[in-house]
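Reading through the structure tokens given below for one structure.
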Amino acid sequence: MLIKQAPDIQPSEITAEAVYRERRRFLGGAAALAALAVTPAQAALPPYKKNAYGGGETANTWDEITHYNNFYEFGTDKTDPAKYAHSLKPRPWTLAIEGACRKPKSWDIDVLTRAFPLEERIYRLRCVEGWSMVIPWLGFPLAGLLKQVEPTGNAKYVEFITLHDPQQMPGQRQAILDWPYREGLRLDEAMHPLTLMAVGLYGRELPNQNGAPLRLVVPWKYGFKSAKSIVKIRLVEQPPISSWMKAVPREYGFYSNVNPEVDHPRWSQARERRIGEFLKRPTLMFNGYGEQVAQLYSGMDL
Ligand code: MTE
């Protein structure tokens with residue numbers, strides 16, 4: 001299994017041998033699941049190396065990343081997903097890609113995970129509510145996956161759809177959102193090399209509360225764009241209406257790029273609280289990824 005590195009990073013800096021071995025166990029499929037029976041909280045965490053994607057920042061701890069979540073399918077409290085997401089069954093799992101493409105296709109999640117080389121990417125995640133984290137994801141760029149289905153000229157946007165199963169996701173019994181959770185990107189945003197499909201974090205399989213077995217990560221946009229537990233991706237001609245746009249159109253737009261200069265209608269977006277820290281820090285334009293993504297929006301009023 002090939003593990004690619006971020007640009008400008010020495011191989012020795014990124015994949016410590018322990019992490020590599022841990023990932024090999026993860027990538028081994030069923031056998032790996034048994035090997036991971038020890039909960040990460042008990043075991044020593046594999047080391048990760050700071051890399052270019054996180055701006056050299058220190059990652060949040062496993063505990064912080066897995067116990068302070070937004071996943072309304074399991075409740076609206078930050079602590080609900082860690083308490084209740086055990087009812088989600090991330091295996092067997094199928095991802096289907098359909099719509100405006102020449103070769104619509106479905107994958108079993110384990111086939112998918114083996115088909116694409118996994119990379120470790122340490123990304124900032126900035127939530128629209130004013131908090132942020134730094135997370136060492138394990139995943140692969142969405143672009144490679146989309147290329148496989150050969151989008152047609154009519155594919156202008158990409159819609160991401162979460163599982164809809166109130167038995168596994170009890171929060172869906174309440175009409176908090178119009179389930180299933182939906183999000184969307186423009187095709188060029190979806191094809192951008194920073195846009196990741198994550199299947200793990202800290203070199204381990206993605207915990208249920210973080211969107212197992214497969215979630216989107218778009219680091220320059222507010223966290224709600226990063227849909228969890230995805231079962232379907234649709235290539236479409238018109239901008240998809242996301243769950244949040246439908247629920248509160250005045251507050252959530254389609255683009256939702258991190259922008260400290262544009263306030264949320266009910267609060268400022270100028271600063272953020274990094275989970276685990278006391279003082280707030282200034283929020284960066286495009287969450288600090290402007291150099292890589294600003295050209296996607298040239299000429300647009302953000
Ligand atoms: N995806 C689904 N299906 N349901 C959700 O409620 N919440 C979003 C996003 N993806 C959400 C979702 C929001 S608001 C944020 S901030 C991130 O997930 C949080 O990701 P994390 O819990 O892994 O930090």
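The values are calculated or read from the model by the stated rules, or taken from the named source; none is laboratory data. Everything numeric here is computed off the predicted structure, so don't read it as measured data. Don't worry about glycine lacking a Cβ; one is built from the backbone with ideal geometry, like all the others, and counts go over all protein chains shown. To get the accessible areas, we keep the full protein, side chains included, count just its heavy atoms, and leave off ligands, DNA and RNA. Shrake-Rupley method; radii C 1.70, N 1.55, O 1.52, S 1.80 Å.
Numbers at a glance
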quantity: Over the stretch 76-221: Rg over Rh, Cα atoms, Kirkwood Rh; calculated: 0.95
quantity: Cα→Cβ-extended label distance, 7 Å offset, between GLU291 and ILE176, nm; calculated: 3.8 nm
quantity: Exposure rank, largest accessible area first [ARG250, ARG124, ARG271, ARG281; 1.4 Å]; calculated: ARG250, ARG271, ARG281, ARG124
quantity: Set LYS228/LYS280; LYS89/LYS228; LYS221/LYS246; LYS103/LYS225 screened for pairs whose C-alpha atoms are more than 23 Å apart; calculated: LYS228/LYS280; LYS103/LYS225
quantity: Integer Hz, Karplus 6.51/-1.76/1.60 couplings in order for the stretch 78-85, x for Gly and Pro; calculated: 4, 8, 4, x, 5, 7, 10, 6
quantity: Rg ratio (alpha-carbon, reference 2.2 N^0.38 Å) - the stretch 11-297; calculated: 0.95
quantity: The stretch 96-243, relative contact order [Cα under 8 Å, separation at least 6], %; calculated: 32 percent
quantity: Over the stretch 192-302, equivalent-ellipsoid semi-axes from the Cα gyration tensor in Å; calculated: 23, 20, 15
quantity: Extension reserve of the ASP77-GLU129 stretch, reckoned as 0.36 nm per residue once the Cα distance is removed; calculated: 17.4 nm
quantity: Packing-based ranking, highest mean first, of 189-202, 60-73 given that Cβ atoms within 10 Å are counted; calculated: 189-202, 60-73
quantity: Net charge of Cβ neighbours under 13 Å - reference LYS156; Lys, Arg +1; Asp, Glu -1; calculated: -2
quantity: For the stretch 251-291, alpha-carbon Rg relative to the globular expectation (2.2 N^0.38 Å, N residues); calculated: 1.22
